[in-house]
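Report on the following structure.
The values are calculated or read from the model by the stated rules, or taken from the named source; none is laboratory data. What you are looking at is a predicted structure, and each value in this text was computed from that prediction instead of being measured. Cβ sites come from the backbone with ideal geometry, for glycine too, and all protein chains shown count toward neighbours. All accessible areas refer to the heavy atoms of the entire protein, side chains included, with ligands and DNA or RNA removed. Shrake-Rupley method; radii C 1.70, N 1.55, O 1.52, S 1.80 Å.
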Amino acid sequence: MVNNSNTVFDCPIIHFPKIQNRSGTITPIQNELEVPFAIQRVYYLYDVPGGESRGAHAHRELEQVIVAVSGSFDVTIDDGRNKKTVSLNRPYFGLHLKPGMWRELSNFSSGAICLVLASMLYKESDYIRDYEEFKIFKSDLIQRFL
Ligand code: TYD
């Protein structure tokens, strides 16, 4: 469902379980349990050159959980009114991005791997890639809720 009323304050950090023993650690992530939606797609971002940033778009309906499974990077989220930067640097923390959130990923450490758990299959028409269009999308919704 299209939802443009979400704010940056609706995007929590999820703490995933850690099963630790002498020989290492497992973090399990299960559909609709640790992640509060049905996962339809998994992708990961890697080999990001130093100084590059990714994202710079929003989604109309897609929900995502973003995890730094290796290394670290920053995620700046913007709801059209408020901005928040979250540093992800542990494989057992996930940032839950609700629909209607402009995001930018930056400051990738060398070898960083960004795992994304997504609620929908890839759909280009779900993207908003123009910031002005995003502001209109958000203000439309805000007006409808007033
Ligand atoms: P995009 O989501 O814009 O990447 P980022 O936000 O990390 O900069 O995707 C980059 C390209 O990859 C774009 O042409 C679409 C394609 N793509 C797929 O085909 N399937 C996918 O699941 C994803 C995430 C991207």
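Have a look at 123, 83 and point out the one that is open to solvent by 70 Å² or more (accessible area, probe 1.4 Å), at pLDDT 95 or above, over 13 Å from the mean Cα position of the chain (by Cα) and within 10 Å of the ligand (Cβ to nearest atom). Exactly one residue qualifies, and that residue is 123. Would it be correct to say that residue 65 is β-branched (Val, Ile, Thr), under 24 Å from residue 120 (Cα atoms), touching a residue at least 40 places away in the same chain (Cβ under 8 Å) and more than 15 Å from the ligand (Cβ to nearest atom)? So residue 65 does not fit the description; no.
Note on the stretch 1-25: residues that are open to solvent by 80 Å² or more (accessible area, probe 1.4 Å) and assigned to a loop (DSSP other than H, G, I, E, B) amount to 4.
State the number of residues belonging to the stretch 58-81 that are in contact with a helix residue (DSSP H, G or I) (Cβ under 9 Å, 6 or more places away or on another chain) and small (Gly, Ala, Ser). Here the count works out to 2. In the set (1) over 24 Å from residue 18 (Cα atoms); (2) surrounded by fewer than 20 Cβ atoms within 10 Å (Cβ to Cβ); (3) not polar (S, T, N, Q), residue 91 fails one condition alone, (1). Can you name every residue in the stretch 101-120 that is more than 12 Å from the ligand (Cβ to nearest atom), open to solvent by 40 Å² or more (accessible area, probe 1.4 Å) and under 25 Å from residue 131 (Cβ atoms)? The one that is more than 12 Å from the ligand (Cβ to nearest atom), open to solvent by 40 Å² or more (accessible area, probe 1.4 Å) and under 25 Å from residue 131 (Cβ atoms): 107. Would you check if there is a residue in the stretch 69-80 being among the small types (Gly, Ala, Ser), open to solvent by less than 40 Å² (accessible area, probe 1.4 Å) and either within 19 Å of residue 37 (Cα to Cα) or within 14 Å of the ligand (Cβ to nearest atom) (or both)? Scanning the stretch 69-80, I find no residue that is among the small types (Gly, Ala, Ser), open to solvent by less than 40 Å² (accessible area, probe 1.4 Å) and either within 19 Å of residue 37 (Cα to Cα) or within 14 Å of the ligand (Cβ to nearest atom) (or both), so the answer is no. Checking each residue in the stretch 26-48 for being open to solvent by 50 Å² or more (accessible area, probe 1.4 Å) and free of Cβ contacts under 8 Å to residues at least 24 places away in the same chain picks out 26, 30, 31, 32, 33, 47. Residue count for the stretch 41-50 under the criterion of being more than 10 Å from the ligand (Cβ to nearest atom), at pLDDT 95 or above and either over 19 Å from residue 72 (Cβ atoms) or not charged (D, E, K, R) (or both): the result is 2.
Kindly establish whether residue 53 is open to solvent by 40 Å² or more (accessible area, probe 1.4 Å) and over 30 Å from residue 137 (Cβ atoms). No: the conditions fail for residue 53. The residue list 68, 118, 112 contains one member that is on the phi < 0 side of the Ramachandran plot, over 15 Å from the mean Cα position of the chain (by Cα), at pLDDT 95 or above and not β-branched (Val, Ile, Thr), which is 112.
If you check residue 98 against the conditions, is it open to solvent by 30 Å² or more (accessible area, probe 1.4 Å), within 11 Å of the ligand (Cβ to nearest atom) and not aliphatic (A, V, I, L, M)? Here the answer is no, as residue 98 does not meet what is asked.
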